[in-house]
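Chemist: Below is the structure I would like to discuss, written out as structure tokens.
The values are calculated or read from the model by the stated rules, or taken from the named source; none is laboratory data. Fair warning: this is a prediction, and the values are worked out from it, not measured in the lab. Here the Cβ positions follow ideal geometry from the backbone for every residue, glycine too, while neighbour counts run over all protein chains shown.
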Ligand SMILES: [Zn+2]
């Protein structure tokens, strides 16, 4: 299965030549062999160093062969190996994707990333992913100080759209992720997305930056009457002038600037159960630097949450 996905997705030089393109079929990095999928991901000396540095269990038992299907099944088998940690199981999948990304970085940006940096970043991403998924499963309720917040997602009035936003924050890496979703008065998702929020120092700052992204994305898409709903009470109070936070001075200033462009903007505090879709997207965000989606191309699992919102 994975092999089929990989084989369809990767336009290597040798594949493009077979499809009739007039380009050099050789590996743009080592120039020693034709650039097949197996070569880029496993056999190229660059890929090889990455695999060795990553110290995955896949490589301790045997070396990769020239048969890509065999190599992929090696990785898939290791995923089902109960002696490995979650990190050891997942690292190879991320590394595959990252080696390909670095190949494109070389071809299109003429940039050569060092394997040691690649491997460190891959391991950090996987760690992040594991933690985010764990948080998502535990679903820690945030303390709520008011009882006025609604307990289920509600549709916005006609001529308005609603944008739910949420953020995740990793205390060890000081990296946040933001998720947002725009829905109309039928509850239909018009657009959604997530992004990594670098250099944030507190969960509150992550929430604020996630909102800023949500506001910009809503504006870009032409919506002018909008309700922003989040589950961070401190932030919503600050936005409505009910409290002050010096640490938020700059992001709030940016938010002021952007909201002045809309016709009607409302910031509402709601319970976490009202923003499960945005929360899902914020967790999903740790996968990608930036990700957007239209209404008909949503990440797996989101549709279920949207239906649940409308049926409760
Ligand atoms: Zn090569």
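Chemist: Given the conditions (1) outside any helix (DSSP H, G or I); (2) surrounded by fewer than 16 Cβ atoms within 10 Å (Cβ to Cβ); (3) more than 10 Å from the ligand (Cβ to nearest atom), which single one is not true for residue 32?
Modeler: If we test residue 32 against (1) outside any helix (DSSP H, G or I); (2) surrounded by fewer than 16 Cβ atoms within 10 Å (Cβ to Cβ); (3) more than 10 Å from the ligand (Cβ to nearest atom), just (3) comes out false.
Chemist: Anything in the stretch 99-111 that is touching a residue at least 40 places away in the same chain (Cβ under 8 Å) and surrounded by fewer than 19 Cβ atoms within 10 Å (Cβ to Cβ)? List them, or say none.
Modeler: Correct list: 100, 106, 107.
Chemist: Any chance the stretch 77-87 includes a residue that's within 16 Å of the ligand (Cβ to nearest atom) and either touching a residue at least 12 places away in the same chain (Cβ under 8 Å) or part of a loop (DSSP other than H, G, I, E, B) (or both)?
Modeler: There is no residue in the stretch 77-87 that is within 16 Å of the ligand (Cβ to nearest atom) and either touching a residue at least 12 places away in the same chain (Cβ under 8 Å) or part of a loop (DSSP other than H, G, I, E, B) (or both).
Chemist: Yes or no: the stretch 266-280 includes at least one residue that is in contact with a helix residue (DSSP H, G or I) (Cβ under 6 Å, 6 or more places away or on another chain), closer than 16 Å to residue 207 by Cβ and assigned to a loop (DSSP other than H, G, I, E, B).
Modeler: Looking for residues that are in contact with a helix residue (DSSP H, G or I) (Cβ under 6 Å, 6 or more places away or on another chain), closer than 16 Å to residue 207 by Cβ and assigned to a loop (DSSP other than H, G, I, E, B), one finds none in the stretch 266-280, hence no.
Chemist: Can I ask one more? Looking at 2, 41, 59, 10 in this structure, which one is in contact with a helix residue (DSSP H, G or I) (Cβ under 6 Å, 6 or more places away or on another chain), at pLDDT below 85 and within 16 Å of the ligand (Cβ to nearest atom)?
Modeler: After ruling out the rest, the residue left standing is 10.
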